[in-house]
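In what follows, a single structure is set out as structure tokens and then discussed.
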Amino acid sequence: MNDPKITFLFGLLLLILFGWYFATDAGRRKRILGSVLTVLLVAFCIQSVYPPDQKLHLGLDLQGGTSFLIRLDPPQAGTLDKDTVNQAVEVIRKRVDAFGVSEPVITPEGQDRIMVQIPGLDEAKIKDARDQLKQVAHLEFRLVRPGSAQLIRQIDEGTIPIPPGYEIKEENQTGTDGKVTTVGRYLVKKTADMSGEHVTGAHAFFTTQYGVSLTLDSVGTQQFADLTKLAYDQQTELAILLDGVVKCAPGVREGPIYGGNAQITGNFDETEARNLASILQNPLRTPVTIEEERSVSATLGLDSIKSGVYAGLGGLTLVLLFVIAYYQFAGLVAVVGLLVNIILLFGIMCMFNFVLTLPGIAGIILTIGLAVDANVLIYERLREEMAAGKQLAAAIDAAYNKAFTVIFDANATTLITAAILFWKSSGPVKGFAVTLTVGIIASVFSAMIVTRTVFGWAMEAGWIKRITMLHLINPGKQINFMGRRRLWIAISLTVIAVSVTGFVVRGEKNFGIDFRGGDLLTLDSAQPVSEPEVRSALEPLKIEEVIQKSHSTAATGKDFLTIRSPANTSQKIVDTLETAMPQAGFKVVGQDTVGSVVGKELAQSSLWAFGLAVLGIVLYVTFRFEFSFAVGAIVALLHDVIITVGVFAICGHELSLIMVGAILTIAGYSINDTIVVYDRIREGLHSGRRGSIQDIMNASINETLSRTLLTSGCTLLSVLALFLFGGAVLRDFAFAILIGVVVGTYSSIFIASPIVLWWSGRSGGASLRAEVKRGAPVAA
């Protein structure tokens, strides 16, 4: 279905079927429509995925490659216009194409940055790419003043000053040993006699040495002829400068050059000559700075894929076994819905050409836990409907109808945080936001339509007469959560104080290179090495704040060494280790460099993202419930985030780019869990249940307690698999989510509702105020 017309008609058909499904009340017709929708979507998604090695796009962190974040430096007086940025994008695209790589990605980011992603570069080509990307290629031709050598000697002796309008430029050559030697000094004009804007073509050549041949346009041909005539008449050299550095200064011995061709010769090897020809043919209008560089080898990428697959299969297996054991036949139905969910998730990603990144794999694994949440909400409501004496068919219909509101509200708040994460993030973290968003949409469809359709056909076929489930909590047991609310809040305040203190004490050590700037090396070695050996080998460098850490992956059992150091020190570290420990056979499999400016901007962007997520949640919860509920939700959210970050810091972990995604995920999950309790409180208030507001809240927490614990438990199982098998990169992410889920479960039970009760008693919310007027006291 690659034809856009067929895809459009298919989408229109699905839209009509969806509308018909929700509009009809006839049970059999609804089942038929649900079945048709499921079959069509699954078939379309399978067709979109197959074959996966061609349809599923992998990010650089999985397939291997290098990304550069390039900042364009604006002129001294002025700003960058859109044309300058677009010109830079096209120039960089042409330079990258010269490497012969497949599917490079070059996109503008913001007003003055360009993201360049180049897959499949080996370590040797990364340096060439770095040099080519940051070189402006500002070509100039300047006349050398007659008698330059004698004048420079007099200037060096101090007998004469540098003539006005002139400056001394050196021509340097780099030897095979890396030593730079000055081979010439020239007194040249400060302003160019001719610029390189008239160069229409450039190619490398070899005679007795490598050089670059230039072809000029008609205007350049005339200017070059006039310039070489002047040099010939004055019997002087014509200096050719690239980015202000003299590349060569040939003399004009045989008269003016009229053919529109020029040559640059110097101490070039073949690669340098070809690279120079490429950048001269595609010069930039403005200087650039590489602010961020991230490299992952194909070896590390493959290891990450294996770790992600192991974590995904482990999480899926744990969740499926638990659901089947606890809900029995209903659990099998949930498994069908979960498998459909996974097919839809990958199908939609392939259909819209979304890129799967390593954090994206984490999003998929997290989605497995969240997908079961919807089924748990439905099944626990089904348990209550059957306990009320309803027939199975009526109980199933009531369970799905009543669970729809809470499923919609809970997932809407998570979608808000995912959307903001996608908007404010970049690179691999954006991939996490994509998979989380697609996974949430797919999970709602599979839970509300697929599983309901399966139940309908099973009942019609006579396969089920009754549904049995295990009990986590005795339904008749009532715990007085609200009566001890001051105790719970005191415990939380104590933990928050400890968390904040631990974070403040660590100071800058809380932040990784994504926020502070610096280098991060990931090394593989042919032989095992110990951290003390590495520390001893690096001592002669006298580099401050060098932190090394060894870690292994459960997928392949490989040991990797990561070294964090100040910016632009990674190459020195690699060279030193190779010299001091040649037997180790070190190989660079990952290298990140982040400038301090990018780190500060990332910190500001993260705060903005968190603030926008809080604002979005406040507005949504206020709209769906009332402001007092929004206050309780935000207090619970801040409670969860502060404690998670504090515990994370106390345990010695560093905040990184992917942790921004983890924190926003925790915020979304915190609200998700709290919404489940809020929905039951709202139902109790609107149903006219007798008793005080506190009693209604307490009863609601007890009624949703098993749902809260079960949903948290399923998410914990999937995240636990990610923690155990996901590899070092995702282990910190999974650890933060584990803390967040536990703390979020606590706050949804013990913190959110007491805050709502306190705020309502203080200011009076719409529903609660109505209850008070009806005669229900706020507290017992």
- Taking Glu157 as the residue in question, decide whether it is closer than 16 Å to Leu242 by Cβ, among the charged types (D, E, K, R) and either without any contact (Cβ under 8 Å) to a residue 40 or more places away in the chain or touching a strand residue (DSSP E or B) at 6+ places or on another chain (Cβ under 8 Å) (or both). no
- Some residue of region 293-315 being of a type in the set (Ser, Thr, Tyr) and open to solvent by 70 Å² or more (accessible area, probe 1.4 Å): yes
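Of Ala442, Ala398, which residue is open to solvent by 10 Å² or more (accessible area, probe 1.4 Å) and on the phi < 0 side of the Ramachandran plot? Walk me through how you get there before you give the answer.
Working: Ala442 fails: open to solvent by 10 Å² or more (accessible area, probe 1.4 Å).
The match here is Ala398.
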- Item | Subset of region 181-208 [modelled with pLDDT under 85 and under 14 Å from Lys247 (Cα atoms)] | Thr181, Thr182, Val183, Gly196
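Among the listed residues Ala662, Ala728, Ala667, Ala736, identify the single one that is assigned to a helix (DSSP H, G or I), closer than 30 Å to Glu508 by Cα, in contact with a strand residue (DSSP E or B) (Cβ under 7 Å, 6 or more places away or on another chain) and among the hydrophobic types (A, V, I, L, M, F, W, C). Even if it seems obvious, please write down each step before you answer.
Values: Ala662 fails: in contact with a strand residue (DSSP E or B) (Cβ under 7 Å, 6 or more places away or on another chain); Ala667 fails: in contact with a strand residue (DSSP E or B) (Cβ under 7 Å, 6 or more places away or on another chain); Ala736 fails: in contact with a strand residue (DSSP E or B) (Cβ under 7 Å, 6 or more places away or on another chain).
Step by step, each of Ala662, Ala728, Ala667, Ala736 is checked, and only Ala728 is assigned to a helix (DSSP H, G or I), closer than 30 Å to Glu508 by Cα, in contact with a strand residue (DSSP E or B) (Cβ under 7 Å, 6 or more places away or on another chain) and among the hydrophobic types (A, V, I, L, M, F, W, C).
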- Message: Within region 120-147, take every residue that is closer than 17 Å to Val588 by Cβ and in contact with a strand residue (DSSP E or B) (Cβ under 7 Å, 6 or more places away or on another chain) and give me the one that is surrounded by the fewest Cβ atoms within 10 Å (Cβ to Cβ).
- Response: Glu123
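Let's see how each residue does on (1) more than 30 Å from Val296 (Cα to Cα); (2) modelled with pLDDT of 75 or more:
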residue	(1), (2)
Gly11	yes, yes
Ile32	yes, yes
Val36	yes, yes
Leu40	yes, yes
Ala43	yes, yes
Tyr50	no, yes
Asp53	no, no
His57	no, yes
Phe68	no, yes
- Message: Against the conditions (1) at pLDDT 80 or above; (2) among the hydroxyl-bearing types (Ser, Thr, Tyr); (3) outside any loop (DSSP other than H, G, I, E, B), where does Ser304 fall short? Just the number, please.
- Response: (1)
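Take Ala418 and decide whether it is among the hydrophobic types (A, V, I, L, M, F, W, C), under 22 Å from Gly337 (Cα atoms) and either assigned to a helix (DSSP H, G or I) or at pLDDT below 85 (or both). Quick ask: steps written out before the conclusion?
On the way: among the hydrophobic types (A, V, I, L, M, F, W, C): yes; under 22 Å from Gly337 (Cα atoms): no; either assigned to a helix (DSSP H, G or I) or at pLDDT below 85 (or both): yes.
Spelling it out, it is not the case that Ala418 is among the hydrophobic types (A, V, I, L, M, F, W, C), under 22 Å from Gly337 (Cα atoms) and either assigned to a helix (DSSP H, G or I) or at pLDDT below 85 (or both).
Might you check whether a residue that is in a helix (DSSP H, G or I), open to solvent by 10 Å² or more (accessible area, probe 1.4 Å) and of a type in the set (A, V, I, L, M, F, W, C) occurs anywhere in region 683-690? Working first, answer last.
Pass one, region 683-690, residues in a helix (DSSP H, G or I): 683-686.
Those left that are additionally open to solvent by 10 Å² or more (accessible area, probe 1.4 Å): 683, 686.
Checking the rest, the ones that are also of a type in the set (A, V, I, L, M, F, W, C) come to none.
Checked against the condition, which is being in a helix (DSSP H, G or I), open to solvent by 10 Å² or more (accessible area, probe 1.4 Å) and of a type in the set (A, V, I, L, M, F, W, C), region 683-690 yields no hits at all.
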- Note on the structure: Of the residues in region 570-587, those that are within 14 Å of Pro540 (Cβ to Cβ), surrounded by 14 or more Cβ atoms within 10 Å (Cβ to Cβ) and among the polar types (S, T, N, Q) come to Thr576
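Restricting to region 560-576, name every residue that is among the acidic types (Asp, Glu) and within 25 Å of the chain's Cα centre (by Cα). Give the steps one after another, and end with the answer.
To start, the set of residues in region 560-576 that are among the acidic types (Asp, Glu) comprises 575.
Those that are among the acidic types (Asp, Glu) and within 25 Å of the chain's Cα centre (by Cα): none in region 560-576.
Is it the case that region 277-285 has a residue that's of a type in the set (Val, Ile, Thr) and either in contact with a Ser or Thr (Cβ under 8 Å, 6 or more places away or on another chain) or surrounded by fewer than 22 Cβ atoms within 10 Å (Cβ to Cβ) (or both)? Give the derivation first.
Within region 277-285, the subset of a type in the set (Val, Ile, Thr) is 279.
Narrowing the set further to residues that are either in contact with a Ser or Thr (Cβ under 8 Å, 6 or more places away or on another chain) or surrounded by fewer than 22 Cβ atoms within 10 Å (Cβ to Cβ) (or both) leaves none.
No, region 277-285 contains no residue that is of a type in the set (Val, Ile, Thr) and either in contact with a Ser or Thr (Cβ under 8 Å, 6 or more places away or on another chain) or surrounded by fewer than 22 Cβ atoms within 10 Å (Cβ to Cβ) (or both).
Of the residues Val309, Val333, which is part of a helix (DSSP H, G or I) and at pLDDT 85 or above? Can you show your working first?
Working: Val309 fails: at pLDDT 85 or above.
On inspection, the qualifying residue turns out to be Val333.
List the strands (runs of 3 or more DSSP E) inside region 64-158, counting only whole elements, that have at least 2 residues being more than 26 Å from the chain's Cα centre (by Cα).
On the way: elements: 65-72, 105-109, 113-119, 139-143.
Of the strands (runs of 3 or more DSSP E) lying wholly inside region 64-158, those with at least 2 residues that are more than 26 Å from the chain's Cα centre (by Cα) span 139-143.
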- Item | Whichever residue in region 488-510 is buried (at least 20 other Cβ atoms within 10 Å of the Cβ) and under 30 Å from the mean Cα position of the chain (by Cα) and, among such residues, is farthest from Leu607 (Cα to Cα) | Ser499
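Name the residues in region 257-270 that are at pLDDT below 75 and open to solvent by 40 Å² or more (accessible area, probe 1.4 Å), would you?
Here is the first cut: in region 257-270, the ones at pLDDT below 75 are 264-268.
Of everything in region 257-270, those that are at pLDDT below 75 and open to solvent by 40 Å² or more (accessible area, probe 1.4 Å) turn out to be Thr265, Asn267.
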- Task: Determine which single condition Gly462 fails, assuming it passes every other condition in (1) touching a helix residue (DSSP H, G or I) at 6+ places or on another chain (Cβ under 7 Å); (2) part of a loop (DSSP other than H, G, I, E, B); (3) open to solvent by less than 80 Å² (accessible area, probe 1.4 Å).
- Result: (1)
- Item | Cross-chain or 6+ apart pairs with Cβ under 7 Å, region 184-206 first and under 17 Å from Cys248 (Cβ atoms), then of a type in the set (Phe, Trp, Tyr) | Leu187/Tyr166; Val188/Tyr166; Lys189/Tyr166; Ala192/Phe141; Asp193/Phe141; Met194/Phe141; Met194/Phe224; Ala204/Tyr210
- In region 161-253, which strands (runs of 3 or more DSSP E) lie fully inside it and hold 3 or more residues that are surrounded by fewer than 19 Cβ atoms within 10 Å (Cβ to Cβ) and touching a Phe, Trp or Tyr at 6+ places or on another chain (Cβ under 7 Å)? none
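The values are calculated or read from the model by the stated rules, or taken from the named source; none is laboratory data. It should be emphasised that the depicted structure is a prediction, and the values quoted were computed from it without experimental measurement. Because the Cβ atoms are built from the backbone with ideal geometry, glycine has one as well, and the counts that use them run over all protein chains shown. SASA here: full protein model, heavy atoms, side chains in, ligands and nucleic acids out. Shrake-Rupley method; radii C 1.70, N 1.55, O 1.52, S 1.80 Å.
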